[in-house]
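Written out below as structure tokens is the structure these notes cover.
Just so you know, all these numbers are worked out from the coordinates, no wet-lab data involved. Only a predicted model underlies this, so the values are computations on that prediction, with no experimental measurement involved. Positions of Cβ are generated from backbone atoms using ideal geometry, with glycine treated the same way; all protein chains shown enter the neighbour counts.
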Amino acid sequence: FFRVFFRLATMSTVEELQAQVQTLQAQLAATKKHTAPEMYYYGSKLASKVGDFGHFPKNGVPPRTVERMIQDYHLLDSKERLNTSSYVNVVFEPEEERVAVMGMKINLADQTVYPSSFKMHDEVVNMIGNLWNVPPSADGQVAGAGTVGSTEACLLAGLAMKFRWREWYMKKHNLTHKEVLGVVPNCVMSTMYQAAWEKFFKYMDIEPILVQPSYKTMTVTGAQIAEHVNERTCMVIGIMGNHYGGQYDPIWDIDEAIEKVNQEKGLQVGIHVDAASGGFIAPFQPYLPPWDFRLKNVLSISASGHKFGQSVCGTGWVVWRHREGLSEHVAISVTYLGGKGDSYTLNFSRPASGVYVQYYKVIRLGWEGYAALEENMMANTKILRDGLKAMTKDGKPRFVMLDAGDTGCLPVVTAMLNPELNLEYDDVRLQYQIAEHQWYVSAYKMSFNHPATEQLEDLFCDMQGQQTMFRVVVKSNLTAKLALHLLESIQECVEFLDEHAHKASHRAKTHGDQHLHAPC
Amino acid sequence: MMFDLGCKRVSTEITPATPTDLTEPDTPVGQQLSPMDHAPSFYGSAFCRQVPDRDTIPEHGMPARYCERAIQDYHLLDSNERLNTSSYVNVIFEPEEERVAVMGMKINLADQTVYPSSFQMHDEVVNMLGHLWHVPESPDGQTAGAGTVGSTEACLLSGLALKFRWRHWYRKRHNMTEAEVRGVYPNVVMSSAYQACWEKFFKYMDVEPILVKPSYKTMSVTAADLAKHCNEKTIAVVGIMGNHYGGQYDPIWDINDAVEKLNAENGWQIGIHVDAASGGFIAPFQDNLPAWDFRCKNVLSISASGHKFGQSVCGTGWVVWRQREELSEHVAVSVSYLGGKGDSYTLNFSRPASGVYVQFYKFNRLGLAGYRDLEQNMMTNAKVIRDGMKRMTKDGKPRFVMLDNGDDRCLPVVTAMLNPDLNLGYDDIRLQYVIAESHWYVSAYKMSFTHPATEETEALFCDMQPDQTMFRIVVKSNLTAKLALHLLKTLQTACEFLDEHSANFITHKMKKRMSVAPGATSTAEAAAGAAPGRRGRRRGEVARAPGPGVRVSSMAHCEALPLLQVVLRSERGWLIAEEGIEPGLESIFGLPRAVGHGTRGISHHGSPLRACAGGSTEAPSFPGS
């Protein structure tokens, strides 16, 4: 109205005014027709419109209509609560959703405007630091940050290690800053890495030195890692819970091996623990040897808050052992809208929802609550595992189990169809069959794209890359009841495939390259 | 039936709980109920009378409603987001939109194969953006681009693509190996009015910043200035469509011509990245602008924040490339993922679909016509504020020197500084804190920035000393004409208040008081001593050192009370009565931290309290959103 009034006021003659009023009236009528609040979506032109989806619409439509349109997209996705391929938490209490919506309006980058929300962030960092036994810091604030996911957390941790190494290498070889830029450092880890590291290698100019584990253990030993360490190694990475089988790399062994290598070769290599999935499981498995900051050479730990941290998608955490010579390298001192503070982020503007929901879960559950969840998930994993083990064909077990078993690992069941059965179908084919029962179970080949050469390589040292496997992640919402339904579905599917696979086998082949790299 | 068996097992073995435990949402997940569950209300619970150990995960859980309330209390102590004029981030949503966002929270956009339909929506939004910015049609119908967490990720991705593109070219040109070219340090030429993300690009991606300082009168750089600094190691020139300080546009059209000429003369292949973080959803609706987008031949990529004038939710950014070949393919990580394979243009991986959902919502809800309406309303309301400020005078002179572009061809931003001719006893930063008393957050800052390469504080503009201050009001869609009038009135009152309570006694008398106050022997100690008491307590450790707080009480008795009230109110949201603070209560108000700001985070540069406690004198400069 203001606009209309403004326009009218600038008209000079009566004729012009009249013409203007007419056009405006016509425009108004057109808009009204399109945006009338009573417009019934399924009776509107929109519901019978084909194409033009890539064009910006000319006029808007009522809120309910848009909501319905978006629901229709969502409708055609898989069901997130039956998605066992993902570690991401998808269950929230109504209070929690309200808290998340409240956080959507708070820009965490705006520390000076929203100091109280940022204080919550700092408190959560401290809590997580304590959970992982970080040594007390001089100023009481643990060096760490909330991130958008463990990818950002890994990249930040990697960058800090890279800059730390550069400083050391420059000194050691008496190089200038420009000279050291030309030296490409490396990073030693298992081939079981998650996608974040591929980005680290590619974008931050790091040479990956990858160690292939056995498919039977899916973990690497301290000796295997230490063997590849040289003076260009900026870090070694231990995985607390690889996403394929949920096994833990023996950080305790790696720590000893690195300690030895550092002493022998005069190096200062540190360990980063990628605890994307295990960060909120391992602390509740008291029988584990120390794997966190209790080990001297562990310099940083990253984890996804949105996995077993039970927060909302888009929450990650990184904690450093200390600031000096480590996290300070990625602490951009942001002088920001009348303030100044450390910002440990690759992203800048981001909603506070992740921090809000993480804080919610921490105080909602408490230590006991997380421990109870761990117990429940491990118990339900065992139900699934035992069920799969019990399935046989021709007197032989149907599945070869590939995970770590019932303790000392993530709540994950990993298996492959028993190769001895010489079945006409593989695990990938099985995945598609299971999907008919609403369940999304991911299967994949035991191969990966090497980040440096971009060649397809074997994931394991003792199994060809064509072999398939599948994985079920038991999240908190996968109750015993649902687990039994999943078992029943698998049973029905293998029986169906036993009968029909030879007819359908060509279909499986067209699904092609099903090697997995980086689920979350 | 196995199914029935499952039911029994669930109810008898796995969860030995009463039926109410299964249905009552307020019971904690933990096996044991904590005593708090039986408390009548949140405020009657133990939680509300304990000084909690905030650095350790609590032993027991608590009911859902308590958690919600506890988080609301944190939120309560923040500034009001709708009155935050320092930020470009949209904070207004319809109820349907919030429901859509919550739906999106459960969808991991990285999981393309499980949620193909949501990812299709992402691709459609990218296409719509390409359409809006006139991207040339791609052979497969899919515009190369990506939704990101914000324009920072978008800028980093486009910067990386340009860096790899340049490497490829430079390597060929000089016949180098891959390892050799990695040792060559490329550069980017842009204005010093850049946003924070570029600092990360320079630092983390090993790129040399070549920064051109504009005049404070225009805040935009000329094409000639940029072209002068280009060389064969230049990966790109970055043009800013709407710098955040004053909202002016760099003349992309001119830069395009200049780059064209440079490339032709030298055989280079420098491209332009347009950082349209704020202007990406404003400029397309301003008819009087020359071509600034992909219509300019050398524009290779454009980034924008969806959560600014794109009207989406915080955590939404977009990048669109001119084409895939030799450009975006360099950052396309081909993710073979859970039964699928696709390009992933992200630095982040797992992220919620909320941003895409809300962006799609807004595109369809508003349409081009709706965005145009918003642009016109915001520009009109910016003019209301601008005109109002122009009319304010003191001693016959204008109170403010306007620093923005005026009413047209710019972002809806009002930028000004207190007229230096008036020789006032206070600066714009002081003004910010007094304005904050009336709920408004208006950001003021010095005209300086930290150089990303040298880490030195430098002048932001070529023709103004770095100590000069300025302030900025971003007119977002929710800043209606009515609110604008209230803000103007607030400005007027604040100036009058400061005219009367000139800052002199703060800088001299108060400083003296503070430095001799008990609990600290020097101001440096005050800064250092504040933090340990507050943080880092581990289980069982009793903390909170007395100290800094005492100084505040002594200050409360000094003549600075009116100002202390203002600061407490504006900085921490507390209303303090005339009598001042009772000795000993200051720790409850969390004052120690306000006095001797911790070693990281929220330091309010320029606040009177801070200045007294020997706080940072470094100049703030990189607002981003």
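Normalised radius of gyration (Cα atoms, divided by 2.2 N^0.38 Å) for the stretch A:347-497: 1.24. Near B:PHE201: Cβ cut-off under 13 Å, other residues only, Lys/Arg at +1 and Asp/Glu at -1. The net charge is -2.
Rounded to two decimals, the Cα radius of gyration of the stretch B:240-370 over 2.2 N^0.38 Å is 1.20. Taking only the Cα atoms of the stretch A:295-410, the ratio Rg/Rh comes out at 1.15, with Rh defined as the Kirkwood radius.
Principal axis extents of the C-alpha atoms in the stretch A:192-336 (largest first, rounded to whole Å): 44, 39, 30.
Shown is the FRET efficiency for B:ASN423 and B:THR454, computed with R0 = 25 Å from the Cβ-Cβ distance and rounded to the nearest 0.05: 0.15.
Put in line by how crowded their Cβ is, counting other Cβ atoms within 10 Å and starting with the fewest, A:LYS79, A:LYS58, A:LYS162 read A:LYS58, A:LYS79, A:LYS162. Highest-first packing order for the peptide set A:241-254, B:137-150 is A:241-254, B:137-150, based on the mean count of other beta carbon atoms within 10 Å. Counts of other chain beta carbons within 10 angstrom of each beta carbon in peptide B:379-386 average 1. With a Cα-only, solvent-free Debye model of the stretch B:113-181, what are the log10 I(q)/I(0) values at q = 0.12, 0.29 Å⁻¹? For the stretch B:113-181, the Cα-only Debye profile gives -0.49, -1.21. Please give the residues of the stretch B:192-236, grouped as numeric ranges, whose backbone N is less than 13 Å from a label point set 7 Å along the Cα-to-Cβ vector of B:GLU265. The answer is B:224-232. Among B:HIS501, A:HIS121, B:HIS307, B:HIS486, a tally of other beta-carbon atoms within 10 Å of each Cβ gives an order, fewest to most, of B:HIS486, B:HIS501, A:HIS121, B:HIS307.
Counting Cβ atoms of other protein chains within 10 Å of each residue's Cβ and taking the mean over peptide A:84-97 gives 5.
Principal axis analysis of the Cα atoms in chain A yields extents of 93, 68, 46 Å, listed in decreasing size.
Against the empirical 2.2 N^0.38 Å scaling, what ratio does the C-alpha Rg of the stretch A:44-131 come to?
That ratio works out to 1.62.
With a Förster radius of 56 Å applied to the beta-carbon distance between A:GLU375 and A:VAL14, the computed FRET efficiency rounds to 0.10.
Based on the Stokes-Einstein relation at 25 °C and a viscosity of 0.890 mPa s, and on the Kirkwood radius from alpha carbon pairs, the stretch A:79-226 is assigned a translational diffusion coefficient of 128 µm²/s. Helical content alone sets the calculated 222 nm signal of chain A at -13500 deg cm²/dmol, taking -39,500 (n - 2.57) per DSSP H segment of four or more residues and averaging over every residue. Modelled label positions at A:GLU424 and A:MET391, each set 7 Å beyond Cα in the direction of Cβ, lie 1.9 nm from each other.
Once both labels are positioned 7 Å from their Cα atoms along Cα-to-Cβ, the gap between B:ASP395 and B:LYS489 label points is 2.9 nm.
Percent of Cα-Cα pairs more than 20 Å apart in the stretch A:258-354, please.
52
Based on Cα atoms of the stretch B:39-98, Rg over Rh with Rh as the Kirkwood radius reads 1.09. The order of the peptides B:106-113, B:42-49, B:437-444, B:190-197 by mean Cβ neighbours within 10 Å, most packed first, is B:106-113, B:190-197, B:437-444, B:42-49.
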